[in-house]
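Okay, so here's the structure we're looking at.
Please treat every number below as a calculation from the coordinates, not as lab data. Everything quoted here is computed from the prediction, not taken from an experiment. For neighbour counting, all protein chains shown are included, and Cβ atoms are generated from backbone atoms with ideal geometry for every residue, glycine included.
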Amino acid sequence: MSDAIAICETCPRHCRLTEGAFGACRARHAQGGRVVCANYGRITSLALDPIEKKPLAFFHPGRPILSVGSYGCNLRCPFCQNDGISQRGGDDVATESATPAALAEIAGRLARERGNLGLAYTYNEPLVGWEFVRDCAREIRARGLLNVIVSNGCVKAEMIDSLAPLLDAANIDLKGPSQAYYDWVGGDFQAVCRTIATLHSAGCHVEVTTLIVPGRNDADADIAAIASFIASVSPEIPLHITRFFPRFRLLDAPPTPIATLRRLAETARTRLSRVLIGNC
């Protein structure tokens, strides 16, 4: 058994794992000849956030949503904003255990007491633990509440196809305009584009976020390409253009000038009807 190879089918990395080994995401490992979710029910973060923090600007604005995170991510963005959990494994972070039913019970209580919308899967990359998202989403739906996901979108088509009917809203990071950019962050450009299109086609409310990193994706042509793709899905999909600040391994780049964000927003508005500037 120790020489057997299990292939992870969650994302385009297709990690090939020997028994007990972890994938690049640090959240999935080989067990009994198959790849399973090691972070199932292991919670690093739980908070009642404004829905605008996801960011979702056009989905029940002004309402809060219970937000939950675990650990792990399948990308390696050098500018990661949540590297304390997303770039860590289970032995490197403090977690508490929670079942889908328990989280749904908390969400229901907060809905009655504070107007909570439902449950948002966020903070780390939630889809590296897609089984937990699926099980929570079913419990949330059973209580008449809403499911929101904040994701890099870099997963296999089959994964999104199976989860899309359970999701009510999503914010997907479209980090750059091409595979060349995704080579830098360790992802698959076409997979992310497919995720956005699939969720929109399934009736999920979709908003997209692009972090503008100076010298990497701050040319007019970069944002024009991003906006053109989004418009090909729907010109009504909101795009959040957000400001970079030095973080994680990218500490030598300056914060994005606000003037750059404004210029790029105007470029995007030639193709999209709803463009917002954030993180200023």
Kindly indicate the residue of segment 1-44 that is hydroxyl-bearing (Ser, Thr, Tyr) and in contact with a Ser or Thr (Cβ under 7 Å, 6 or more places away or on another chain) and also nearest to Val133 (Cα to Cα) among those meeting that condition.
Thr44
Residue within segment 143-156 that is out of contact with any strand residue (DSSP E or B) (no Cβ under 9 Å at 6 or more places or on another chain), surrounded by fewer than 21 Cβ atoms within 10 Å (Cβ to Cβ) and among the hydrophobic types (A, V, I, L, M, F, W, C) present
no
Does Ile172 satisfy being in contact with a Ser or Thr (Cβ under 9 Å, 6 or more places away or on another chain), at negative phi and not in a strand (DSSP E or B)?
no
Residue within segment 27-35 that is of a type in the set (D, E, K, R), outside any strand (DSSP E or B) and without any contact (Cβ under 8 Å) to a residue 60 or more places away in the chain present:
no
Got a sec? Which of Gly62, Gly69, Gly41 is more than 20 Å from Arg247 (Cβ to Cβ), buried (at least 16 other Cβ atoms within 10 Å of the Cβ) and touching a helix residue (DSSP H, G or I) at 6+ places or on another chain (Cβ under 8 Å)?
Gly41
Is it the case that segment 244-259 has a residue that's of a type in the set (Val, Ile, Thr), under 26 Å from Ile160 (Cα atoms) and crowded, with 16+ Cβ neighbours inside 10 Å?
no
Going by what's in this entry, would Leu261 be described as farther than 20 Å from Glu125 by Cα, free of Cβ contacts under 8 Å to residues at least 40 places away in the same chain and over 18 Å from the mean Cα position of the chain (by Cα)?
no
